[in-house]
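Q: Here it is, the structure, as structure tokens.
The values are calculated or read from the model by the stated rules, or taken from the named source; none is laboratory data. What you are looking at is a predicted structure, and each value in this text was computed from that prediction instead of being measured. Cβ atoms come from the backbone with ideal geometry, glycine included; neighbour counts cover every protein chain shown. These area figures cover heavy atoms from the full protein model, side chains too; ligands, DNA and RNA do not enter into them. Shrake-Rupley method; radii C 1.70, N 1.55, O 1.52, S 1.80 Å.
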Amino acid sequence: VSSKIEDLPELDEDICTILGYYVSDGSSPSKNRAIFYFGLNELELIEDIKKIAEKRKWIYKIYKRNTENVICIQINEPRIVKLLVHHGGKPSYKKFSKEVLLLPLNKQEKIINSYVNGDGWITKQKDKWQSQYFISTSKEELAYQLQILIGRLGIFAPIHKRESREFTIKGKLYK
């Protein structure tokens, strides 16, 4: 794991928080908007993004999708969408930019925390065991990048690959 650090001023802590949510639960259907999808019981994550949007005076809207148990927050800020796509990838090809892998640790921690909020969970596999923390992704390259980011924070994070299956976490269906 590299100890090299290169800061990017345009990726401040708020943008890093948004970036983590984007990579875990976001989409950019156009160059003008980014949409974040959460389960109906994840309103605190919507609130987290909303606070940043309001602080920065971004145009946003919150709505429930009619066909699913999903609530969305959409940010309509082309400059932010461009940053998210550049540093987090396109919707079907999520991965962090090389620059993100070298950010200062406080910024990487913001990215990891919001990613974990979106695609993480805690469980005990046996009653007498300590709780275990998990994060998920269907992208192998992203899994290795997350491992690097977590490793830079001094945490060992093994990767386990398993066959595809359908499951629900926090009210969201994964296929």
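Q: Using per-residue counts of other Cβ atoms within 10 Å, averaged over each peptide, order 124-132, 20-28 from highest down.
A: With the highest mean Cβ count within 10 Å placed first, the list reads 20-28, 124-132.
Q: May I ask you to list the residues of region 97-125 whose amide nitrogen lies under 15 Å from a point 7 Å from Cα along the Cα→beta-carbon direction of Arg165?
A: Residues 125 qualify, since their backbone N sits under 15 Å from the label point.
Q: Sorted from largest down, what three extents in whole angstroms do the Cα atoms of region 54-103 have along their principal axes?
A: 38, 27, 16
Q: Another question about this same structure. Would you mind working out the accessible area per residue for region 1-146, using a 1.4 Å probe, and quoting it in Å²?
A: 57 Å²
Q: Sort Leu149, Leu40 by heavy-atom solvent-accessible area, probe 1.4 angstrom, most to least.
A: Correct descending sequence by accessible area is Leu40, Leu149.
Q: Once R0 is set to 22 Å, what does the formula 1/(1 + (r/R0)^6) return for the Cβ-Cβ distance between Leu102 and Lys139, expressed as a FRET efficiency to the nearest 0.05?
A: Step by step, r from the Cβ atoms, then E = 0.65.
Q: Which whole number in µm²/s is D for the chain by Stokes-Einstein, with the Kirkwood Rh taken over Cα pairs at 37 °C and 0.692 mPa s?
A: Result for D is 196 µm²/s.
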